[in-house]
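Participant: Before I ask anything, let me first share the structure, which is written out below as structure tokens.
The values are calculated or read from the model by the stated rules, or taken from the named source; none is laboratory data. These numbers were taken from a predicted model, which means no experiment stands behind them. Here the Cβ positions follow ideal geometry from the backbone for every residue, glycine too, while neighbour counts run over all protein chains shown. Side chains are part of the model used for accessible areas, which takes the heavy atoms of the whole protein and leaves out ligands, DNA and RNA. Shrake-Rupley method; radii C 1.70, N 1.55, O 1.52, S 1.80 Å.
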Amino acid sequence: MIDYTSSRSAGIFFILFVSVLTLKAQDEVHRTENWITDGGLSRVEHSNGYTMLSGFFSSVGPYTGGGALTGPSTGKIIDPVMPKVHGEISLTVADGSGGWFIAGYFDAVDTVKIQNLAHIKSDKTVDRTWKPNPNNPPSVMNVSGTTLYLGGYFLEMAGTTRSYLASFDINTGTLKPWNPIPNNGVTSIAVAGANIYVGGYFTTIGGISRNRLAAVDATSGSLSSWAPVIDGDVFCMTADASSIFIGGTFSVINASTRIGAARLNLTTGAALPWVGNLSAGGYAYNLVVSGNTLYMSGLFTSVNGVARYRIASLTISTPTVTAWNPNMPASSFINHMTLGGTTLYLCGTFDTFLGASRNSLAAVDATTGNLLPWNPEPNASVNSISANATGIYIGGNFNGMNWLPRTNFALLDDATDQAWPFNFDLNGGVVNTIAVHNNILYIGGQFTAIDKTPRSNLAAFNLTTGALLPWNPSVFGLGTTDPDVSVFSMMIKDNLLYLGGKFYAVNNANTIRPGLAAVDLTTGVVTGWNPAVGDGKTTDQYVNSVDISGNTLYAAGRFNLLSGSQTRENIAAINVTNASILPWNPTSKGTVDKIRVTSSTAYVVGEFRSGVGGAMRLNRIAALELTSNNATPWNPDFRNGSVADITLGGPDIYTAGSFDSVGIQFKPGLASFSLATGNLNSWTPDTHDNSDGGYYIGPITSSGSKLYVAGDFNYIGMEARGNYGEYNICPAQPDINASADGLTLSTTSTGALQWFANGSAVDNATGQTFDVNPFEYGVYAVEVTANGCTVRSQDEVYLFTSPEMAVDKAIKVYPNPVKSDVFVELPATEGIVEFTVMDITGRTVKSIQGNGTKHNLHLVDLDAGPYLLIIQTKKQKHVTKIIKTR
């Protein structure tokens, strides 16, 4: 037996490592902060904190989902962490307490599964307890006091039958018994006094005849006698103290001509003298009252004989069409209007309003009718808008707002997740590659001018000011006007910019540098470094990709000759100092598109199905030994497609392409492998398939903390993020090492660390070392948090044992092994003695107390196996291992 004392002098541990879970090297869930594009991407590249997006798009901006909260004056998004609605919002209404009710065609809000109807609370979180899940979204919502009234084409609400009309208690979220039962859809609701006025397509309510208009008691739902006779459908209504304005497809009410709009008495239902007759066949779709003015929108070309297209305003006291005239084109339509203070907010289908550019949204001063600067710029159609003291909530079919114009090129800043604030015109050109160094952005590609300033395929910008710098190396083809020339790849080393591409000369037509060149970052002067790709007469041979490791530049592309006489098939290694062609020659029997290099291996992607590095690689990817000309055995089984791009990130290599699995494991066009072992990681990203049901991811790039992914997809996770997304790159799984005496644990991992003992976080244990309690059995682990994700080490289980040491003769434990009872004899009486028996997992299986020097412990009920017996006396703790037999 070993006597552990506070001096720790006698402690010896037997250490058992137990792996309790398979850890992911990557977070499966995409980042939600990054901006996205409105079109496809052909190139993605990261450099020193900035990510280039290049492709076929016209704007970039934040992902909002189908709803966004903007400020009342500027239209800027004021709360980017608002719940994301994954789908289309068709209707919004303020809840009266700083939140909103939303309806539409969606099946989730943030991570909450909820269908067609949801409540966003005043704290900007989705109400997880209120899930009415109607079979169809409401067409109209109206909040009155603590009641939400709903109308539409639903037949079920909160699991209960409700046909076309329903109401909820806002405070409790409960469905009210109120149930008028119209026989068809309800499209408008107004609250006035004790009645709820409804309009729509119904012909009966509660089995009683009511043609498109009715009033029901707000409490009981019983039908009132109010029953105007109308010859068309009702789309909208709004009430004041004594009357109700309605709009629809009618032309006669109670034998009075009222075309598309009317004002009715709330008590009798009679058509009042106020007239707002629209053009023949016209109808009002929205009505908003502001003081003595009624704003009306719909489908019409005149109001009371005065030409007005789609929108107009009339005085209420005298039905006179005001001078206010947005004069909207015939193709436009206003979907919704709402009043916020003295501002009228509008949304619909239009690109101009009152002569100014406005994309689907506009705001006017409700008193003067003047256009206001509010201009949110959604990236798709808008259906509904509502206002409260917090801001203006907008719902529609968009997934972004406040987007910036960027024609085929954008630069995203890692620090802000937003676009670089400067924009330039490539005059139809493209950017293929970037490099960021000392606050300068270098771009390479295929272009002839930047904002009409001549630049031949290479340019530089001040990152802070956005100014185009005078640095102008100029990259040419066989002639200075060769349209086929392009810079494909760039790397920086020692104040030199190394270029790979399809070009012939740099600086001037006489400085021949075919396919590869090195340019001074300060002067723009090309150096004498000249590996000379190809025959020196054409640009048929070229470089697609370069990478630098140490003093070696690795080049990949389409070539078979370097430096005039050195044969290299599409892959080569070149000294960055003297341009000598190094012996490494793995030979690719096809064009190589990409090369990325570690200290020991070059990973390549290309058309080398016939062989690369002496091996067949049918999936367009291979790993090549840098110490030989051979491919490594690494050859993942990409199924139903192949690899299009690769990138290195943290401890892994990431592969992207058209595959849908690796071996039998589902991988939707994106997978990662451990650089150390070559094994497939468990990571399965949440990218979706494309419109054809297949997967295509690529291009991709990475930094030390993020993976940047482009491809042919419309969704990532539940979010309608098309074309582009990002993932956090998690740190490698932490290691745990024990000191020689077993009493101190350590890890080489860096970042935010937290140690755990027996499943619980240990207070203030956040360093790289951790002292073990030598008197206690323990299961220990450490977590590291970085880049937005947390990775946990394998568990280390510590047992106490010393079969090779002499037992303290003063304490006797026998027999050992034991079949039924074990006897313990102590040298002297020490008061109460506590005996604890633990199994190998650290679970206490028996606790016994005793007095005196001799003790008989009954263990017959224990399963066979090893156990720890801990003897705690008043003065000391004693630990020994016992073996239980059957």
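Participant: Just the residues that are free of Cβ contacts under 8 Å to residues at least 60 places away in the same chain and closer than 24 Å to H46 by Cα, please, taken from the stretch 715-750.
Facilitator: Selection gives Y715, T750.
Participant: Restricting attention to the stretch 414-431, does a residue exist that is crowded, with 16+ Cβ neighbours inside 10 Å and of a type in the set (S, T, Y)?
Facilitator: Within the stretch 414-431, not a single residue is crowded, with 16+ Cβ neighbours inside 10 Å and of a type in the set (S, T, Y).
Participant: Between residues in the stretch 224-238 that are over 15 Å from L264 (Cα atoms) and among the hydroxyl-bearing types (S, T, Y) and residues that are part of a strand (DSSP E or B) and open to solvent by less than 10 Å² (accessible area, probe 1.4 Å), which pairs lie under 9 Å by C-beta distance while being six or more apart or on different chains?
Facilitator: Between residues of the stretch 224-238 that are over 15 Å from L264 (Cα atoms) and among the hydroxyl-bearing types (S, T, Y) and residues that are part of a strand (DSSP E or B) and open to solvent by less than 10 Å² (accessible area, probe 1.4 Å), the close pairs are S224/A214; S224/A215; S224/V216.
Participant: Here's a follow-up. Only one of these conditions is not met by L516: (1) under 42 Å from the mean Cα position of the chain (by Cα); (2) under 21 Å from N472 (Cα atoms); (3) surrounded by fewer than 24 Cβ atoms within 10 Å (Cβ to Cβ). Which number is it?
Facilitator: (3)
Participant: Then there's this: What number of residues in the stretch 116-134 are of a type in the set (S, T, N, Q), at pLDDT 95 or above and open to solvent by 40 Å² or more (accessible area, probe 1.4 Å)?
Facilitator: 1
Participant: Which condition number in (1) crowded, with 22+ Cβ neighbours inside 10 Å; (2) not in a strand (DSSP E or B) is the one that L314 fails?
Facilitator: (2)
Participant: Test R609 against the criterion of being among the charged types (D, E, K, R), surrounded by fewer than 23 Cβ atoms within 10 Å (Cβ to Cβ) and touching a Ser or Thr at 6+ places or on another chain (Cβ under 8 Å), and give yes or no.
Facilitator: Against the criterion (among the charged types (D, E, K, R), surrounded by fewer than 23 Cβ atoms within 10 Å (Cβ to Cβ) and touching a Ser or Thr at 6+ places or on another chain (Cβ under 8 Å)), R609 does not qualify.
Participant: Going by the conditions given, is Y708 open to solvent by 20 Å² or more (accessible area, probe 1.4 Å), under 33 Å from the mean Cα position of the chain (by Cα), within 21 Å of R31 (Cβ to Cβ) and at pLDDT 95 or above?
Facilitator: For Y708, the condition - open to solvent by 20 Å² or more (accessible area, probe 1.4 Å), under 33 Å from the mean Cα position of the chain (by Cα), within 21 Å of R31 (Cβ to Cβ) and at pLDDT 95 or above - is not met.
Conditions tested, residue by residue: (1) open to solvent by less than 30 Å² (accessible area, probe 1.4 Å); (2) part of a loop (DSSP other than H, G, I, E, B); (3) modelled with pLDDT of 80 or more.
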site	(1), (2), (3)
P774	yes, yes, no
T790	no, no, yes
L799	yes, no, no
E804	no, yes, no
A810	no, yes, no
P827	no, yes, yes
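Participant: Separate question: Here are some conditions: (1) buried (at least 24 other Cβ atoms within 10 Å of the Cβ); (2) farther than 21 Å from G348 by Cα; (3) not charged (D, E, K, R). V140 meets all but one. Which one does it not meet?
Facilitator: Of everything listed in (1) buried (at least 24 other Cβ atoms within 10 Å of the Cβ); (2) farther than 21 Å from G348 by Cα; (3) not charged (D, E, K, R), V140 misses just condition (2).
Participant: Looking at the stretch 34-50, which of the residues that are part of a strand (DSSP E or B) and within 16 Å of the chain's Cα centre (by Cα) is surrounded by the fewest Cβ atoms within 10 Å (Cβ to Cβ)?
Facilitator: It comes out as W35.
Participant: Does L859 qualify as being out of contact with any helix residue (DSSP H, G or I) (no Cβ under 7 Å at 6 or more places or on another chain), open to solvent by less than 70 Å² (accessible area, probe 1.4 Å) and without any contact (Cβ under 8 Å) to a residue 60 or more places away in the chain?
Facilitator: Yes; evaluated as a whole, the condition is true for this residue.
Participant: Can you name every one of the strands (runs of 3 or more DSSP E) wholly within the stretch 117-162 that holds 3 or more residues which are under 24 Å from A194 (Cα atoms)?
Facilitator: The strands (runs of 3 or more DSSP E) meeting that bar are 138-144, 147-152.
Participant: Working carefully through the options G479, G528, G524, G536, find the one that is open to solvent by 50 Å² or more (accessible area, probe 1.4 Å), farther than 26 Å from V44 by Cβ and assigned to a loop (DSSP other than H, G, I, E, B).
Facilitator: G528
Participant: Next question. Inside the stretch 432-471, can you point out the residues that are within 17 Å of L497 (Cα to Cα), over 37 Å from the mean Cα position of the chain (by Cα) and open to solvent by 60 Å² or more (accessible area, probe 1.4 Å)?
Facilitator: P470, the sole residue that qualifies.
Participant: What tally of residues in the stretch 621-669 results from selecting those that are buried (at least 23 other Cβ atoms within 10 Å of the Cβ) and among the polar types (S, T, N, Q)?
Facilitator: 2
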